[in-house]
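Colleague: Before I ask anything, here is the structure I am working with.
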Amino acid sequence: MGESKPRRRGEQLERAILEAAWEELNEVGYAGVTIEAVAARAGTSKPVIYRRWANRAELVLAAWGRQSPMRPDFKDTGTLRGDLMALFGAIAHRADRMMGSMIAGVMGETFRHPEMAALLQERLKSPPMVQVIQKIIDRAVARGELAPVTVSPRAGRVPLDLIRNESMLCRTPVPDSTIAELVDEVYLPLLRGLQPNN
């Protein structure tokens with residue numbers, strides 16, 4: 001008799017489910033993803049998944065976030081502009097990795113299901129991007145490039161919104177020249193405008 005596989009729990013089980021969901025997304029697109037298929041790929045059951053995520057869209061968002069997290073310890077290039085260029089470039093790379101059909105599918109779920117819209121709105125109240133931007137700003141303040149600024153959730157989401165708009169409209173990777181325009185013509189002026197008046 002063969003040895004039984006040890007039962008996975010907690011983080012190990014969650015990681016297996018999210019990896020399975022991501023693999024399904026890459027193979028069949030958002031419209032083809034089912035909880036049943038994710039459960040089979042992860043070697044678990046549908047009830048186990050539903051105890052953690054209420055629906056397919058919630059699971060997809062979790063898998064997406066795990067693949068490309070934005071962390072506050074973003075690299076220091078030595079200048080505010082350099083930090084922003086690196087950040088915008090990382091967001092653009094992340095957007096390019098994400099499938100357009102998946103994004104459209106998640107947004108479609110938002111329109112059809114009020115609970116999904118509520119979930120997205122809750123996540124947008126304190127997105128990780130705000131922490132990343134605040135860290136970049138604090139470094140610029142320490143270097144003397146900016147006066148102290150506390151970034152609001154809305155202002156902190158602007159880099160993500162700008163890149164997402166470019167990516168979804170053009171359906172191609174965002175070029176470096178566009179990233180430079182967004183940093184120089186939009187976000188740097190916004191940050192300087194947020195500084196307190198002398």
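Colleague: I'd like to check something: does segment 89-107 contain any residue that is over 17 Å from LEU59 (Cα atoms) and at pLDDT 90 or above?
Modeller: yes
Colleague: Cβ-Cβ distance below 6 Å, separation of 6 or more or different chains: which pairs start in segment 154-176 with a residue that is not assigned by TED's automatic domain parsing to the domain that holds ASP96 and end on one that is surrounded by 13 or more Cβ atoms within 10 Å (Cβ to Cβ) and among the basic types (Lys, Arg)?
Modeller: Close Cβ pairs (under 6 Å, with a partner that is surrounded by 13 or more Cβ atoms within 10 Å (Cβ to Cβ) and among the basic types (Lys, Arg)) do not exist here.
Colleague: Something else: Within segment 137-169, can you find the residues that are of a type in the set (Gly, Ala, Ser) and closer than 18 Å to VAL183 by Cβ?
Modeller: Those that are of a type in the set (Gly, Ala, Ser) and closer than 18 Å to VAL183 by Cβ: ALA140, ALA155, GLY156, SER167.
Colleague: Right, next: Counting just the residues of segment 1-17 that are exposed (fewer than 10 other Cβ atoms within 10 Å of the Cβ) and part of a helix (DSSP H, G or I), which one comes out modelled with the highest pLDDT?
Modeller: GLU11
Colleague: What do you reckon, is PRO127 at pLDDT below 90, in contact with a Gly (Cβ under 8 Å, 6 or more places away or on another chain), surrounded by 12 or more Cβ atoms within 10 Å (Cβ to Cβ) and not small (Gly, Ala, Ser)?
Modeller: For PRO127, the condition - at pLDDT below 90, in contact with a Gly (Cβ under 8 Å, 6 or more places away or on another chain), surrounded by 12 or more Cβ atoms within 10 Å (Cβ to Cβ) and not small (Gly, Ala, Ser) - is met.
Colleague: Further question on the same structure: For ARG112, work out the one condition from (1) within 30 Å of GLU24 (Cα to Cα); (2) modelled with pLDDT under 90; (3) within 21 Å of the chain's Cα centre (by Cα) it doesn't fulfil.
Modeller: The one condition ARG112 does not meet is (3).
The values are calculated or read from the model by the stated rules, or taken from the named source; none is laboratory data. In this text, all values refer to a predicted model and were calculated from it rather than measured experimentally. Positions of Cβ are backbone-derived with ideal geometry, glycine not excepted, and every protein chain shown enters the neighbour counts.
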